[in-house]
Amino acid sequence: MVWSPRSRGSGPRCAPATKRPSRTGISAPAATPADLNGALLQARYALTAARRAEGPNLTAVDGLTTLEALLSGLPADVRTAFGIHALGPLADDSNPSHRMLLETLDTFLTPNGSWARTAEALHQHVNTVHYRIGRVELLTGRDLARLDHKLDLKAALLCR
(Lines give C-alpha, C1' and ligand atoms only; values in the text may rest on other atoms or scores of the structure.)
Protein backbone atom coordinates (compact mmCIF):
# COMPACT_ATOMS: atom_id res chain seq x y z
CA MET A 1 0.00 0.00 0.00
CA VAL A 2 1.14 3.52 -0.73
CA TRP A 3 0.15 6.53 1.33
CA SER A 4 -1.59 9.28 -0.57
CA PRO A 5 -3.42 12.36 0.65
CA ARG A 6 -7.17 12.38 0.28
CA SER A 7 -8.55 14.53 -2.44
CA ARG A 8 -11.35 15.59 -0.11
CA GLY A 9 -11.61 15.42 3.60
CA SER A 10 -9.17 15.79 6.40
CA GLY A 11 -6.99 12.69 6.59
CA PRO A 12 -4.65 10.48 4.64
CA ARG A 13 -5.78 7.23 3.09
CA CYS A 14 -3.98 4.25 1.66
CA ALA A 15 -4.13 3.50 -2.02
CA PRO A 16 -3.19 0.17 -3.60
CA ALA A 17 0.44 -0.01 -4.60
CA THR A 18 1.42 -0.64 -8.19
CA LYS A 19 2.33 -4.20 -9.14
CA ARG A 20 5.76 -3.12 -10.37
CA PRO A 21 8.44 -4.03 -7.80
CA SER A 22 10.34 -1.16 -6.28
CA ARG A 23 14.09 -1.09 -6.81
CA THR A 24 16.68 0.61 -4.65
CA GLY A 25 20.31 1.57 -5.24
CA ILE A 26 22.62 2.27 -2.33
CA SER A 27 25.91 4.17 -2.43
CA ALA A 28 28.95 3.83 -0.24
CA PRO A 29 28.72 6.09 2.82
CA ALA A 30 29.51 9.75 2.23
CA ALA A 31 32.04 10.88 4.83
CA THR A 32 31.64 14.60 4.17
CA PRO A 33 29.09 16.84 2.49
CA ALA A 34 31.52 17.18 -0.42
CA ASP A 35 31.16 13.42 -0.99
CA LEU A 36 27.38 13.58 -1.43
CA ASN A 37 27.49 14.18 -5.19
CA GLY A 38 29.65 11.09 -5.69
CA ALA A 39 27.38 9.07 -3.40
CA LEU A 40 24.36 10.15 -5.43
CA LEU A 41 26.06 9.02 -8.65
CA GLN A 42 26.93 5.66 -7.06
CA ALA A 43 23.35 5.19 -5.84
CA ARG A 44 21.98 5.97 -9.31
CA TYR A 45 24.41 3.47 -10.84
CA ALA A 46 23.39 0.82 -8.31
CA LEU A 47 19.72 1.61 -9.01
CA THR A 48 20.27 1.04 -12.74
CA ALA A 49 21.91 -2.29 -11.91
CA ALA A 50 19.02 -3.20 -9.59
CA ARG A 51 16.50 -2.49 -12.34
CA ARG A 52 18.31 -4.91 -14.66
CA ALA A 53 18.79 -7.59 -12.00
CA GLU A 54 16.48 -10.56 -11.79
CA GLY A 55 17.28 -11.11 -8.13
CA PRO A 56 17.00 -8.75 -5.18
CA ASN A 57 15.29 -5.39 -5.47
CA LEU A 58 18.09 -3.77 -3.49
CA THR A 59 21.57 -3.24 -4.94
CA ALA A 60 24.43 -1.60 -3.10
CA VAL A 61 27.35 -0.22 -5.06
CA ASP A 62 29.73 -2.27 -2.90
CA GLY A 63 27.85 -5.39 -4.00
CA LEU A 64 28.78 -4.89 -7.66
CA THR A 65 31.65 -7.34 -7.41
CA THR A 66 31.50 -9.09 -10.76
CA LEU A 67 32.06 -7.87 -14.29
CA GLU A 68 28.46 -8.71 -15.16
CA ALA A 69 27.14 -6.76 -12.17
CA LEU A 70 29.36 -3.80 -13.00
CA LEU A 71 28.20 -3.75 -16.61
CA SER A 72 24.56 -4.00 -15.59
CA GLY A 73 24.69 -0.45 -14.27
CA LEU A 74 25.58 0.99 -17.66
CA PRO A 75 22.80 2.41 -19.81
CA ALA A 76 21.49 -0.06 -22.40
CA ASP A 77 22.64 2.04 -25.36
CA VAL A 78 26.21 2.19 -23.98
CA ARG A 79 26.23 -1.58 -23.43
CA THR A 80 24.94 -2.20 -26.95
CA ALA A 81 27.46 0.17 -28.55
CA PHE A 82 30.34 -1.41 -26.63
CA GLY A 83 29.27 -4.92 -27.62
CA ILE A 84 28.96 -3.99 -31.29
CA HIS A 85 32.32 -2.22 -31.46
CA ALA A 86 34.27 -4.79 -29.44
CA LEU A 87 32.89 -7.78 -31.34
CA GLY A 88 33.24 -6.11 -34.73
CA PRO A 89 31.74 -8.21 -37.53
CA LEU A 90 30.79 -10.95 -35.04
CA ALA A 91 28.14 -8.64 -33.57
CA ASP A 92 25.99 -9.53 -36.60
CA ASP A 93 24.61 -12.76 -35.18
CA SER A 94 22.21 -13.20 -38.10
CA ASN A 95 25.14 -14.91 -39.86
CA PRO A 96 25.20 -18.61 -38.81
CA SER A 97 29.00 -18.68 -39.02
CA HIS A 98 29.23 -15.70 -36.65
CA ARG A 99 26.79 -17.34 -34.21
CA MET A 100 29.00 -20.43 -34.17
CA LEU A 101 32.10 -18.31 -33.54
CA LEU A 102 30.35 -16.42 -30.74
CA GLU A 103 29.36 -19.71 -29.11
CA THR A 104 32.92 -20.95 -29.41
CA LEU A 105 34.27 -17.70 -27.96
CA ASP A 106 31.85 -17.77 -25.03
CA THR A 107 32.65 -21.42 -24.34
CA PHE A 108 36.40 -20.71 -24.63
CA LEU A 109 36.27 -17.82 -22.16
CA THR A 110 34.19 -19.72 -19.59
CA PRO A 111 36.91 -22.24 -18.60
CA ASN A 112 39.56 -19.49 -18.71
CA GLY A 113 40.77 -20.22 -22.21
CA SER A 114 41.25 -23.96 -21.90
CA TRP A 115 41.50 -25.46 -25.38
CA ALA A 116 40.79 -29.01 -24.18
CA ARG A 117 37.77 -28.08 -22.03
CA THR A 118 36.34 -25.94 -24.81
CA ALA A 119 36.71 -28.78 -27.31
CA GLU A 120 35.08 -31.17 -24.88
CA ALA A 121 32.17 -28.81 -24.15
CA LEU A 122 31.54 -28.18 -27.85
CA HIS A 123 32.09 -31.83 -28.81
CA GLN A 124 34.73 -30.68 -31.30
CA HIS A 125 38.34 -31.58 -31.94
CA VAL A 126 40.83 -29.23 -30.28
CA ASN A 127 42.15 -28.25 -33.74
CA THR A 128 38.66 -27.05 -34.65
CA VAL A 129 38.63 -24.86 -31.54
CA HIS A 130 42.06 -23.45 -32.48
CA TYR A 131 40.77 -22.66 -35.96
CA ARG A 132 37.59 -20.99 -34.69
CA ILE A 133 39.41 -18.91 -32.08
CA GLY A 134 41.86 -17.87 -34.79
CA ARG A 135 38.88 -16.66 -36.85
CA VAL A 136 37.52 -14.76 -33.83
CA GLU A 137 40.89 -13.08 -33.37
CA LEU A 138 41.07 -12.18 -37.04
CA LEU A 139 37.53 -10.75 -37.16
CA THR A 140 37.75 -8.83 -33.88
CA GLY A 141 41.37 -7.72 -34.07
CA ARG A 142 41.91 -9.15 -30.56
CA ASP A 143 44.65 -11.50 -29.37
CA LEU A 144 43.10 -14.03 -26.99
CA ALA A 145 46.48 -14.81 -25.49
CA ARG A 146 46.23 -11.37 -23.82
CA LEU A 147 44.15 -11.05 -20.65
CA ASP A 148 42.93 -7.53 -21.49
CA HIS A 149 41.63 -8.71 -24.87
CA LYS A 150 39.89 -11.68 -23.23
CA LEU A 151 38.25 -9.31 -20.76
CA ASP A 152 37.17 -6.96 -23.55
CA LEU A 153 35.48 -9.78 -25.44
CA LYS A 154 33.92 -11.29 -22.29
CA ALA A 155 32.47 -7.85 -21.46
CA ALA A 156 31.21 -7.52 -25.04
CA LEU A 157 29.45 -10.88 -24.78
CA LEU A 158 27.86 -9.83 -21.50
CA CYS A 159 26.68 -6.58 -23.10
CA ARG A 160 24.74 -8.35 -25.85
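A compact table of results
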item: Approximate spin-label separation Asp77-Ser114, in nm, with each point projected 7 Å along Cα-to-Cβ; result: 4.2 nm
item: Accessible area per residue in Å² at 1.4 Å probe, computed on segment 83-160; result: 55 Å²
item: Extension gain, Ser97 back to Leu41 (0.36 nm per residue minus Cα-Cα distance, nm); result: 16.0 nm
item: Computed label-point distance, nm, for sites Arg146 and Leu122 using a 7 Å Cα→Cβ extension; result: 2.2 nm
item: Extended-chain gain in nm, criterion 0.36 nm per residue less alpha-carbon gap, Thr32 and Asp106; result: 22.3 nm
item: Ranked by how many other beta carbons lie within 10 Å on average, peptides 63-75, 99-111, 136-148 from highest; result: 99-111, 63-75, 136-148
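The values are calculated or read from the model by the stated rules, or taken from the named source; none is laboratory data. None of these values were measured; they are calculated from a predicted model. Glycine also receives a Cβ, built like all others from the backbone with ideal geometry; neighbour counts cover every protein chain displayed. Accessible surface areas use protein heavy atoms only, side chains included; no ligands, DNA or RNA. Shrake-Rupley method; radii C 1.70, N 1.55, O 1.52, S 1.80 Å.
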